[in-house]
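Have a look at the structure below, then the notes.
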Amino acid sequence: MKKKKLLIYGVISLTFVILFSVYTWSVLHSTDQVNEQRLNETMRTCELQIQKNLEFRAKELTYSITHNGLDQQTAFGELTSLLPTLDASSAVYYIVDYSGMMYDADNQPISGKIDSGALKAAQTNEYAAVSVPDASSSSPRIIIMVPIGPDPSFFLAQSITVEHFLDLITEDLSLPSENLALFDEWGNPISTYLDQSTQGSVQQSIYDGAVSYSYDRLRNVSLKVGALQDYNLYISVDQPRGWFIGARISYGGVTPFGLHLSTLIVLILLVLIMLFMIGLDIVNDRDKKKDWANVNNIDPLTGLLNNVGLRDALSAFIQKRPMNGFSFVCMDILAFSRINTMFGYSMGDELLRVIADDIAARQVCGTRINADCFAFLTKTSDDMLSLLESNFRAGIERRLGAEYQQMITFNFGVYPIADAKPLFREVYDGALLAHKSAKKQLSTHQVVYDAELKQTLELQKNIEINMMHALSKEEFQVYVQPQFDMPGEQCTRGETLIRWRSEFMGFLPPDKFIPIFESNGFIVETDFFMLTSALELLQSRLDAGLPPVTLAINQSRVTIAFPNYFERLKATIEQFSVPMEYIELEITESALENAWDTLVPLIHNIKKLGLSIAMDDFGSGFSSLNTLRILPIDILKIDKEFLRESDNSPRCKIIIESIVHMAKELSIRIVCEGVETKAQLEFLKEIGCDIVQGFYYSKPIPMADFTKQYLS
Ligand code: C2E
Ligand code: CA
Ligand code: CA
């Protein structure tokens with residue numbers, strides 16, 4: 001994956017994390033704030049309610065006194081007798097005097113003293129609550145005092161347990177009673193009615209490194225303690241004295257841990273999603289690449305790589321490991337089209353798939369170059385080709401049947417790799433060249449690229465480089481081989497044959513460059529060059545009033561099949577005023593194979609222009625008799641192989657004789673080329689051959705020499 005993409009993912013992830021952190025913080029913070037607000041409200045309501053309850057309690061006390069007709073002056077005297085009627089099962093009543101001394105119902109002083117602060121508070125607020133130690137119990141008792149009369153030097157006091165006190169004042173409050181506790185102004189619990197957690201946290205928060213805490217300080221501490229959801233709420237009971245009720249309160253549905261956990265889960269989810277996306281992206285990338293490869297680099301029929309894919313795979317391979325020890329093999333099936341014609345295209349396809357599967361299974365990398373032509377990289381060994389062949393055959397026999405295996409012949413071209421890091425082109429072209437030459441050979445179907453082939457390859461390259469300028473540099477020369485009429489042995493005609501004297505490559509015979517020109521199409525130019533040269537000679541002789549000569553010009557099968565050939569031919573001859581009966585076009589018999597449809601009308605048209613047609617190398621093709629049957633040819637040139645072999649083969653003589661006879665019957669003139677000996681000449685004369693051509697008379701010679709020697 002690209003760095004840029006990773007960066008984008010990184011930035012997105014980071015943004016997510018930051019945003020989520022901010023969100024979490026703000027949620028926590030705002031929850032904190034909301035809860036603090038609610039806590040304050042609760043505290044305020046509780047304080048008011050408690051105050052109200054205390055006041056109510058105090059008023060109740062006062063009312064009892066008033067209701068029972070107790071006036072302030074006589075109260076002190078009579079109070080003790082009245083006290084028992086003020087029933088409160090848990091309550092004990094006292095009288096407290098101005099100095100804080102306490103007296104019981106029998107007017108006996110009891111231990112303990114109310115301090116002056118409490119007395120003052122009772123006077124100011126018209127009530128006060130104070131805690132005093134209880135000798136009979138480990139927990140203190142609470143004394144609620146109300147001043148008696150307008151001059152409150154005496155106070156009526158009711159003593160109750162802390163628990164009862166808490167019940168009284170927290171009545172109507174929705175505070176959780178199990179967590180309620182009463183604290184004095186120093187933070188000490190007055191009650192034992194206190195659960196451990198509340199006590200602990202208050203104790204710690206109150207006494208942690210400090211001597212004393214003011215009401216405000218205590219309240220601040222109280223707000224901060226506990227988890228987010230739990231608060232220790234300290235409600236002021238009696239402000240001047242600084243008592244507090246402690247209660248543990250819960251707020252909010254989201255616990256901090258819950259929030260952290262959810263944050264964590266969401267973060268993990270985000271990371272997972274991100275990873276998933278990255279993964280998806282990678283897979284996507286890979287799939288895309290695969291798709292691309294499928295569309296562009298895979299041969300749909302066989303599933304092997306195509307040429308582009310092979311080039312990439314092989315180039316990568318060459319970079320990765322030393323290649324000496326490997327061979328690049330190019331292979332095809334001899335006359336594969338026959339399989340298609342005989343058994344149908346689907347069978348042909350299946351055969352290709354069988355071979356492709358074998359290549360895919362056993363070889364390093366392979367391709368189908370085209371049609372039935374495969375190329376692959378394999379380990380070099382002595383029996384490499386026989387092994388390859390037997391594997392292919394076994395596969396074909398197994399999947400298609402023995403009969404198919406038997407009728408198949410493979411052509412192998414091998415490029416054994418000698419360099420550790422060869423060039424792709426070198427390997428590929430080498431194997432291709434070896435394969436090409438294997439296809440041409442009749443005896444063997446296996447050619448290994450070697451020095452000779454390399455030379456051919458280089459020559460081919462040089463030919464292609466130099467051919468373009470050869471025409472303009474006048475490097476091509478027209479040679480003519482004279483032909484002789486029988487039986488008088490006069491030369492009235494000749495065959496033009498091309499020669500190339502290259503500035504860089506020296507003299508080249510036609511069989512070196514013509515196949516290459518045919519493969520790259522340049523033959524069209526040289527054939528027209530030869531035709532024009534012949535026409536020029538004829539024109540010059542005509543213009544000079546010299547006797548004409550018949551010239552046979554070779555036209556390659558590639559030339560005559562070229563688009564607009566006929567138009568170009570017509571245009572060329574129309575530039576001259578040469579009578580067309582002196583121009584003969586030589587077309588090889590094999591040029592007609594598989595091209596009857598187009599070539600038959602072409603030949604008719606050429607004949608209409610007045611040119612003659614010579615069938616070259618007659619007898620070398622597969623359908624010689626058909627040629628005679630269909631085409632209106634003027635001249636028949638017997639393939640020189642018949643004559644060459646006739647010396648030792650009576651059969652060949654019979655064939656030549658028969659062809660000559662047949663041609664005569666069909667009013668076709670016969671040329672026999674390749675005559676090298678007197679005996680051959682005599683034989684040809686004997687059977688009535690019309691025209692002969694061969695080294696016996698002359699090798700091909702430059703056109704100027706030809707005119708000088710034979711036409712003057
Ligand atoms: P081809 O058309 O069959 O030409 C006859 C070839 O036989 C010539 O070879 C000629 O030199 C050779 N030959 C003639 N008499 C004898 C003989 O007594 N014994 C032997 N052994 N050979 C003899 P060349 O000139 O090397 O041409 C070879 C082939 O190149 C020609 O075969 C023709 O197919 C092709 N070619 C030559 N010039 C041209 C051309 O201008 N255009 C085209 N398209 N092909 C040409
Ligand atoms: Ca010829
Ligand atoms: Ca010939």
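The values are calculated or read from the model by the stated rules, or taken from the named source; none is laboratory data. Just so we're clear, the structure is a prediction, and the values are computed from it rather than from any experiment. Using ideal geometry, Cβ is built from the backbone for each residue, glycine included, and neighbour counts are taken over all protein chains shown.
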For this session: Report, ordered by the first and then the second residue, all pairs with beta carbons closer than 6 Å, sequence separation of six or more or different chains, a first member in the range 535-560 that is farther than 16 Å from Leu497 by Cβ and without any contact (Cβ under 8 Å) to a residue 40 or more places away in the chain, and a second member that is aromatic (Phe, Trp, Tyr) and more than 16 Å from ligand 3 (Cβ to nearest atom).
Result: Gln539/Phe576; Pro548/Tyr582
Exercise. Which of the strands (runs of 3 or more DSSP E) contained wholly in the range 415-528 include at least 2 residues that are touching a Ser or Thr at 6+ places or on another chain (Cβ under 7 Å)?
Worked result: 476-485, 490-502
Problem set entry | Spans of helices (runs of 4 or more DSSP H) in the range 540-623 with at least 1 residues more than 16 Å from ligand 2 (Cβ to nearest atom) and acidic (Asp, Glu) | 565-573, 596-608
Problem set entry | Verdict on Thr378 being touching a Gly at 6+ places or on another chain (Cβ under 8 Å), among the hydroxyl-bearing types (Ser, Thr, Tyr) and crowded, with 18+ Cβ neighbours inside 10 Å | no
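So which residues in the range 518-527 are within 16 Å of ligand 2 (Cβ to nearest atom) and modelled with pLDDT of 95 or more, if there are any at all?
Of everything in the range 518-527, those that are within 16 Å of ligand 2 (Cβ to nearest atom) and modelled with pLDDT of 95 or more turn out to be Ile523, Thr526, Asp527.
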For this session: Collect the residues in the range 632-642 that are modelled with pLDDT under 95 and either surrounded by fewer than 20 Cβ atoms within 10 Å (Cβ to Cβ) or over 24 Å from Ile583 (Cβ atoms) (or both), keeping them in residue-number order.
Result: Pro632, Lys640, Glu641, Phe642
For this session: Tally the residues that are outside any helix (DSSP H, G or I), within 16 Å of ligand 3 (Cβ to nearest atom) and within 16 Å of Ile635 (Cβ to Cβ), restricting the search to the range 676-693.
Result: 5
Problem set entry | From the options Phe16, Phe56, residue that is surrounded by 12 or more Cβ atoms within 10 Å (Cβ to Cβ), touching a residue at least 24 places away in the same chain (Cβ under 8 Å) and part of a helix (DSSP H, G or I) | Phe16
Problem set entry | Wholly within the range 295-393, strands (runs of 3 or more DSSP E) carrying at least 1 residues that are of a type in the set (Asp, Glu) and either more than 17 Å from Ile417 (Cα to Cα) or free of Cβ contacts under 8 Å to residues at least 60 places away in the same chain (or both) | 326-333
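Could you pull out the residue among Ser21, Ser64 that is out of contact with any Phe, Trp or Tyr (no Cβ under 7 Å at 6 or more places or on another chain), hydroxyl-bearing (Ser, Thr, Tyr), at pLDDT 75 or above and assigned to a helix (DSSP H, G or I)?
Unique residue meeting the criteria: Ser21.
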Exercise. Exactly one of (1) more than 60 Å from the chain's Cα centre (by Cα); (2) assigned to a helix (DSSP H, G or I); (3) within 16 Å of ligand 2 (Cβ to nearest atom) is unmet by Cys652. Its number?
Worked result: (3)
For this session: Select from the range 624-641 the residues that are within 16 Å of ligand 2 (Cβ to nearest atom) and part of a loop (DSSP other than H, G, I, E, B) and list them in ascending order.
Result: Ile633, Asp634, Asp639
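Among the acidic types (Asp, Glu) and surrounded by 18 or more Cβ atoms within 10 Å (Cβ to Cβ), is that true of Glu682?
no
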Exercise. Would you say Asn626 is out of contact with any Ser or Thr (no Cβ under 9 Å at 6 or more places or on another chain), on the phi > 0 side of the Ramachandran plot and more than 15 Å from ligand 1 (Cβ to nearest atom)?
Worked result: no
Problem set entry | Number of the condition not met by His661 [criteria: (1) within 16 Å of ligand 1 (Cβ to nearest atom); (2) surrounded by fewer than 18 Cβ atoms within 10 Å (Cβ to Cβ)] | (1)
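In the set Phe424, Phe412, which member is within 28 Å of Ile298 (Cβ to Cβ), buried (at least 19 other Cβ atoms within 10 Å of the Cβ) and away from ligand 3 (no atom under 16 Å from the Cβ)?
Among Phe424, Phe412, only Phe412 is within 28 Å of Ile298 (Cβ to Cβ), buried (at least 19 other Cβ atoms within 10 Å of the Cβ) and away from ligand 3 (no atom under 16 Å from the Cβ).
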